[in-house]
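Q: Please see the structure below; I have some questions.
The values are calculated or read from the model by the stated rules, or taken from the named source; none is laboratory data. The structure displayed is predicted, hence computed values, not measured ones. FYI the Cβ positions are ideal-geometry reconstructions off the backbone, even for glycines, and counts take in every protein chain you see. Just so you know, the surface numbers come from the protein's heavy atoms only, side chains and all, with ligands and any DNA or RNA stripped out. Shrake-Rupley method; radii C 1.70, N 1.55, O 1.52, S 1.80 Å.
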Amino acid sequence: MNDTISNETRFLHAIEFGLGAWQWGDRLIWQYGQNYGDEECRAAFEVSLEAGIRFVDTAEVYGNGRSERLLGQFLRETEQPVLVATKYFPFPWRLTKKALKRALKGSLERIGVETVDLYQIHQPFSLLPIDSLMEAMAEAVQEGLTRTVGVSNYNQNQMLRAYSALARKDVPLASNQVSYSLLNRAIEKEGLLARCNELGVRVIAYSPIEKGMLTGKYSVETPPPGIRGQRYSSLLPKIGPLLKLMTEIGQEHGGKSKTQVALNWSICKGTLPIPGAKNARQAEENAGALGWKLTEEEVEKLDEASDAALQ
Ligand SMILES: NC(=O)c1ccc[n+]([C@@H]2O[C@H](COP(=O)([O-])OP(=O)(O)OC[C@H]3O[C@@H](n4cnc5c(N)ncnc54)[C@H](OP(=O)(O)O)[C@@H]3O)[C@@H](O)[C@H]2O)c1
């Protein structure tokens, strides 16, 4: 293993796969309450645990706190140890270091725990400078409110700034959570993935099945509902050849689905994918990305097909 990884954050590098919990309570993008609700979210959590997944990613803003509350409820219903990651949203009115600690305490209360395993800054746009945010994060570690500190959606410069500010306080930067899938490879192309690997910063890949686009269930004729329909209208006509290759490669591995191929590809690239699941069926299928590996040649072919789709 990479010797730039600090002892405090090593556990995160040993996690291969996680579960995203944005879906738990979000009505705007995910239509929570329409075709799924709390029971389906609970089932997604339970099925993931049965499959050996022990890392859940949530945020204070998901469902306005509902995601954290549901996670707390589900954690109390299981005896399994689960690692919890949540996030601080740097709203423009949060102008002091104290605001971060207050928000973290709110998250801990909703989840019903005394500490989380990873506390992340949700996105880099903040009126409080990165250095001050990181000082507040370091204090949260020192006070035992979080085990480690991460960022999300930070570019290389922002991440290096956070990394150095934390280093001055003797706290390692554990992770950068960024969008990464076969249909969004910006972090690979722009060097962020390589830089994270150099620094021992774990890359947590969000939207690893590109919000459902890589499952193959959406097309120009059957676009996704709501905001996603608009967002992906120009991409959907271009992804046919990639989806076809994913089906062929899945067949070579005993009938793995496109979704499972997409998620296995993220693992092969050295990232920790955290697909969101609305129900047991989705969680079970996603967990089927574990326990097997694409060959290097298959990863290369997928990269080529993804490049062609994204041209
Ligand atoms: N840090 C950030 O800024 C940020 C941003 C986004 C997400 N995240 C985190 O990353 C997690 C995952 O990202 P994401 O939710 O954006 O996208 P994703 O994981 O790529 O896609 C999740 C969506 O795909 C569909 N789906 C999932 N599994 C499926 C399956 N097996 N078969 C068919 N459809 C399936 C479901 O929606 P439908 O059934 O409606 O199609 C589900 O809501 C989130 O839960 C959150 O924890 C973080």
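Q: Name the residue, out of 40, 68, 8, that is under 24 Å from residue 105 (Cα atoms) and either open to solvent by 20 Å² or more (accessible area, probe 1.4 Å) or without any contact (Cβ under 8 Å) to a residue 24 or more places away in the chain (or both).
A: 8
Q: Kindly list, by first and then second residue, each pair from a residue in segment 189-218 that is charged (D, E, K, R) to a residue that is more than 8 Å from the ligand (Cβ to nearest atom) and assigned to a loop (DSSP other than H, G, I, E, B), limited to pairs with Cβ atoms under 7 Å and residues at least 6 apart or on different chains.
A: Partner pairs satisfying both residue conditions: 198/4; 210/183.
Q: Ok, one more. In the list 188, 210, which residue meets the criterion of being in contact with a strand residue (DSSP E or B) (Cβ under 7 Å, 6 or more places away or on another chain), among the charged types (D, E, K, R) and under 18 Å from residue 307 (Cα atoms)?
A: After ruling out the rest, the residue left standing is 210.
Q: Out of the residues in segment 186-205 that are more than 30 Å from residue 142 (Cα to Cα) and within 14 Å of the ligand (Cβ to nearest atom), which is least open to solvent (accessible area, probe 1.4 Å)?
A: Top of the filtered list is 187.
Q: State all residues of segment 206-225 that are touching a Pro at 6+ places or on another chain (Cβ under 9 Å), near the ligand (Cβ under 6 Å from one of its atoms) and assigned to a helix (DSSP H, G or I); if no residue qualifies, say none.
A: Result: 211, 212.
Q: Would you pick out the residues in segment 164-185 that are assigned to a helix (DSSP H, G or I) and either touching a helix residue (DSSP H, G or I) at 6+ places or on another chain (Cβ under 6 Å) or surrounded by 22 or more Cβ atoms within 10 Å (Cβ to Cβ) (or both)?
A: Within segment 164-185, 165, 166 qualify.
Q: Let me ask another. Regarding residue 269, is this residue under 15 Å from the mean Cα position of the chain (by Cα) and open to solvent by 30 Å² or more (accessible area, probe 1.4 Å)?
A: When the stated conditions are applied, residue 269 passes them.
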